[in-house]
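Remarks on the structure that follows.
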Amino acid sequence: MSDREPALPPSRDWHDASMPAPEIRYSDGSVRQGELLSPSVTPALGLDGADLTFIRINYQARLQFAETEVVIESPFRVSVGGEQRTLDPEVRADLGLLLAIYPATLASAVIQPDLSLRMVFESGSTIEVPQDLHYEAWQIEGPGSRLIVCPPEGDGTLAVWR
């Protein structure tokens, strides 16, 4: 390596203790510490068998399952009745296929090794949200104060607050 070439930063593995922990800073100055976790050690989502109670749309698509909300903030794939499309939550006029899922019961919700969130409904409909290059693609809020966030593409870890 020449003097002009920048040194590469050390690789960041999910169990590297030198990585900064994620945190949420509140307006009152308090801080809530999270942790970075590999999908293989992330706590179970606990959504299997949950009823989809409503869908909210703004610049995000929000799916409510009892006390847990799945927030989709980036383009995602949906399949309903054999029809498959890639949808963007910011293009509200195209979200009709997502609305066709409701009402539904979730058969399974799994975080894939590539940090995609895959939801399969008892009807056979599916939603898959891949990790985004630049933005938080999805998050799961609840039950209680639990928060799981899929950060922009990077080191293969999720930000988790229990």
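The values are calculated or read from the model by the stated rules, or taken from the named source; none is laboratory data. Fair warning: this is a prediction, and the values are worked out from it, not measured in the lab. Cβ coordinates were reconstructed from backbone atoms using ideal geometry, including for glycine residues, and neighbour counts include every protein chain displayed.
Some observations on this one:
- Strands (runs of 3 or more DSSP E) fully within the stretch 1-92 counting 3 or more residues that are closer than 17 Å to Ala159 by Cβ, among the β-branched types (Val, Ile, Thr) and at pLDDT 95 or above: 68-72
- Sub-7 Å Cβ pairs linking a first residue in the stretch 30-49 that is touching a residue at least 40 places away in the same chain (Cβ under 8 Å) to a second residue that is polar (S, T, N, Q), at least 6 apart or interchain, are Leu36/Thr157; Leu37/Thr157; Ser38/Thr157; Pro39/Gln112; Leu47/Thr68; Asp48/Ser108; Gly49/Thr105, ordered by first then second residue.
- Yes/no for Ala66 being closer than 27 Å to Ser145 by Cα and either in contact with a Phe, Trp or Tyr (Cβ under 9 Å, 6 or more places away or on another chain) or surrounded by 17 or more Cβ atoms within 10 Å (Cβ to Cβ) (or both): no
- Scanning the stretch 118-162 for residues that are in contact with a Gly (Cβ under 9 Å, 6 or more places away or on another chain), surrounded by fewer than 17 Cβ atoms within 10 Å (Cβ to Cβ) and under 25 Å from Gly82 (Cα atoms) yields Glu122, Ser123, Gly124.
- Flag for Pro113 being part of a loop (DSSP other than H, G, I, E, B), in contact with a helix residue (DSSP H, G or I) (Cβ under 9 Å, 6 or more places away or on another chain), under 29 Å from Leu36 (Cβ atoms) and modelled with pLDDT under 95: yes
- Matching entry among Gly144, Gly154 (being under 15 Å from the mean Cα position of the chain (by Cα), at pLDDT below 95 and assigned to a loop (DSSP other than H, G, I, E, B)): Gly154
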